[in-house]
Structure formats: structure tokens, C-alpha cells
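In what follows, a single structure is set out as C-alpha cells and then discussed.
The values are calculated or read from the model by the stated rules, or taken from the named source; none is laboratory data. This structure is a prediction, so every number in the text was calculated from the model and none was measured. Positions of Cβ are generated from backbone atoms using ideal geometry, with glycine treated the same way; all protein chains shown enter the neighbour counts.
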Amino acid sequence: MQPQDMIVKRIEERRAEDHDPFGFELSEYVCALDFTHAKPYLKDSVTEDDWQRAFANDESLRQRILGYLPFAWRKANNARGLSAMRSVQHFVAWTWLLGMEELSAECDADDSIFVFPTLERISEEFGYEAGGG
């Protein structure tokens, strides 16, 4: 898992690039932050007792990826282009958080509306049967 300060830096860089206008990628980074680092990105009403980090370690991220792949494949296989493209934004964030910057950049560069190359690459990397779902 990337260090907290690096995650905050990534959020600010990606936000400045205006690369993720709907926040699908950025929200995944916030989910990996402890309360102290996440606070600037949360509603004022969220307290430390309320905050639950979704991703506290590499294993939690790997499980999220494996759990999400069937959904992403269904969207791609059913020609749900926008939903499939949103899935890729999640994979960009999750792989970056795992320290797989090269794979994250590879996913980010895929501008195919049906995202099959990205899904195949992620499936291969994480041991999921490509095309599944």
C-alpha cells in the first residue's frame, strides 16, 4: 500500500489534471486514507468514529479487485461502455495503491470504450479467468 502522504499527493495531482470529473478514481484513493489524511476530502459531519478505511492493506485491495472483476467483465461483455470505462478508473486507482504504477498507467492509457485489453491485463495479473462474469 502506498504511504498516506503519497496518496494525498496522488489525489491532488489527479484532481489538478481534471482527469476524473465524476470522482470514481479519486474516491478510491480517499478510501485508503486514515481519518487524519482523509478529513479534508470528507463532509464536515464525518467524525473519526464514523470513518472506516475500506483499504488498510494490500490484501484488502487485492480482494476488492477480485470481487469487482466479475462486475467489470459483465459490463464489458454486455457492451455497457460507460460502466466498463468507470470500472477502469477503479482499477487505475487500485493498482496504483498497490504500488503497481506501471500497470496503473497502462490501464489509464486504455481509451477503448469496451476496455477489453485492460480487463484482460488485470485478470491476468490477479489470476482471474479473463472474460468471466
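Taking into account only those residues within the range 1-23 that are of a type in the set (D, E, K, R) and surrounded by 15 or more Cβ atoms within 10 Å (Cβ to Cβ), which is nearest to GLU101 (Cα to Cα)?
Of the residues in the range 1-23, the ones of a type in the set (D, E, K, R) are 5, 9-10, 12-15, 17-18, 20.
This time we only want the ones that are surrounded by 15 or more Cβ atoms within 10 Å (Cβ to Cβ), so: 10, 14-15, 20.
On the way: ARG10: 11, ARG14: 14, ARG15: 17, ASP20: 17 Å.
Top of the filtered list is ARG10.
Residues in the range 24-45: is at least one touching a residue at least 12 places away in the same chain (Cβ under 8 Å), in a loop (DSSP other than H, G, I, E, B) and exposed (fewer than 13 other Cβ atoms within 10 Å of the Cβ)? No, there is no match, as no residue in the range 24-45 is touching a residue at least 12 places away in the same chain (Cβ under 8 Å), in a loop (DSSP other than H, G, I, E, B) and exposed (fewer than 13 other Cβ atoms within 10 Å of the Cβ). Among the residues of the range 57-86, count how many are modelled with pLDDT of 85 or more, among the small types (Gly, Ala, Ser) and not in a helix (DSSP H, G or I). Qualifying residue count, the range 57-86: 0. Pairs linking a residue in the range 87-103 that is in a loop (DSSP other than H, G, I, E, B) to a residue that is among the basic types (Lys, Arg), with Cβ atoms under 8 Å and 6 or more positions apart or on different chains, are LEU98/ARG62.
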